[in-house]
Amino acid sequence: MTLRLDRPPRSFKSIRGKGRILSPLSVKDQRTVAVLPFLDLRQDDGDEHLGEGIAEELLQALNQVEGLRVVSRTTSFLYGGSDLSLAEVGRRLHADAILGGALLEKGDLLTLRAELVEVGSDQAIWSKSCDFERQDLFTTLEDVIGCVASALQFSPPNRPRRTVDLGAYEFFLRGRHYYFRFSRQGMGFAAQMFRRALEIDPHYASAWAGLSNCAAYSYIYIERTEDQRALAESCSRRALELDPNLAEAHASRGVALSAAGLAAEAEEAFETALRLDPNLYEAAYFYARHCFAAGKLERAVEFFEWAAALRPEDFQAILLVAQVYHSLGVEDEAERARRRGLALVEERLQRAPDDVRARYLGANALVALGECGKGLAWARMARSMDPNDPMLLYNLGCIHALAGDPEEALDCLSWAVAGGLSQKNWFLHDGDLDSIRSHPRFQELMTLLDD
């Protein structure tokens, strides 16, 4: 049995673009472009999150250009700040063209410098220096996107223009960085950053969506209180009021509705998000988690695979789809996904050895693949970093269940529930826990989660 993604990520065509073309690339020769993190050269305010955020905005937009392949962010971002020339980095990334640049201060204005280099000839085919005010960053980026697409002889994507204060955007980027750690501590920091963004710009819909996601996570995994549920609901609603066509807002609405147990409404919100932006990772990823919790395992596979296709460098979606394949009894696909995910985890840990989520998801894959010694060692390392995090403890329970240690597994699961994790449906459908389902302590936990 092989399950396939029947609705792969799509791209849209658009028509706008302008710029100074220095020399053309023929369409038949141009198929792959890489985007490097922009250097943040502002005096006293340099922030790698902003340089990466600018590059990711450009990368995501170019990824919507029909016929153009974009090197994944994790692969290209490895060369951020490299002393190598753009052309040399492009050759190493097997790209036909590469885009890089820098952000600088110029009196009361900011300056964005961007350059697109043809890798084969080591020649710039487009370059531009744009002066702009703090609130005009996104307008400037849309102009750059249009110029780059035109220089590559493609039609630029059709995207709505946004106006966001630069300071608010920086706090938003920091919030996303903490949010995707999926830990209690990281969620607290993320909420602080999103609130700081909203203090600067109360009309920033993406920051409202981010704050809603934090509250929904806290409601499910940390603190199941009416205050958290209501916060997730109200923030997601505010995001939609501010920007009804923002895919992120519909995705956060889906997460909030899913947390509240409104399954049909949540699915409608996720479907809307993906209709608005089929390339939005969060929409596919959280829709997959929702489907898994609802027991719709084939649908969970579809959307986890969708998320993994959108971010081939991401270890989370591919390792979670491995667990769903296991639950469905499709062991060849489960092993394929685990091995691919484990390779991504090992790459991630080389760059960020303190990434707790990478460590425990990798530990799960190792144990499932029969490498119990290494997997349990990784599990101990993860626990030493954040011993009381409910999400971590749940995953440790899964790891120990796979490793044939039911009592340790049940201890971890009990601590996870005591710490605030309350998503009973995940317990019910997670194949990693099959070996302990008949245990009296597991049944007691399920009864406790009913209360």
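Rule-based calculations on the coordinates, nothing more; no lab input. This is a predicted model, so every value here is computed, not measured. Every residue, glycine among them, receives a Cβ derived from its backbone with ideal geometry; neighbour counts consider all protein chains shown.
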Label 7 Å along Cα→Cβ of LEU78; the range 288-328 residues with amide nitrogen under 15 Å? 312-315
Return the Cα extents of the range 68-163 along principal axes one, two and three, sorted largest first, each rounded to a whole Å. 37, 30, 25
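Taking neighbour Cβ counts within 10 Å as the exposure measure, how do THR75, THR225 sort from fewest upward?
Listing THR75, THR225 from fewest to most nearby Cβ atoms yields THR225, THR75.
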The simple spin-label model distance between ALA352 and GLU133, using points 7 Å out along Cα→Cβ, in nm, is 3.5
With each run of n ≥ 4 DSSP H residues scored as -39500 (n - 2.57), what mean residue ellipticity at 222 nm is computed for the chain after dividing by its residue count and rounding to the nearest 500 deg cm²/dmol? -19000 deg cm²/dmol
Among ALA358, PRO387, GLY419 the positive-end extreme of the charge dipole of the range 314-451 (Cβ point charges): ALA358
Between GLN123 and GLU66, take the C-beta separation as r, use R0 = 45 Å, and let me know the FRET efficiency to the nearest 0.05. 0.95
Rounding to the nearest 20 debye, state how big the charge dipole of the chain is about its Cα centre with +1 on each Lys and Arg Cβ and -1 on each Asp and Glu Cβ. 800
Contour minus Cα-Cα distance for SER234 and SER85 (0.36 nm per residue): 48.8 nm
Please go through the range 382-447 and write out the trypsin sites (Lys or Arg not before Pro) that DSSP classes as loop and that have at most 14 other C-beta atoms within 10 Å. ARG437
Among LEU173, ALA309, TYR281, whose Cα sits farthest toward the positive end of the charge dipole of the chain (+1 at Cβ of Lys/Arg, -1 at Cβ of Asp/Glu, about the Cα centre)? ALA309
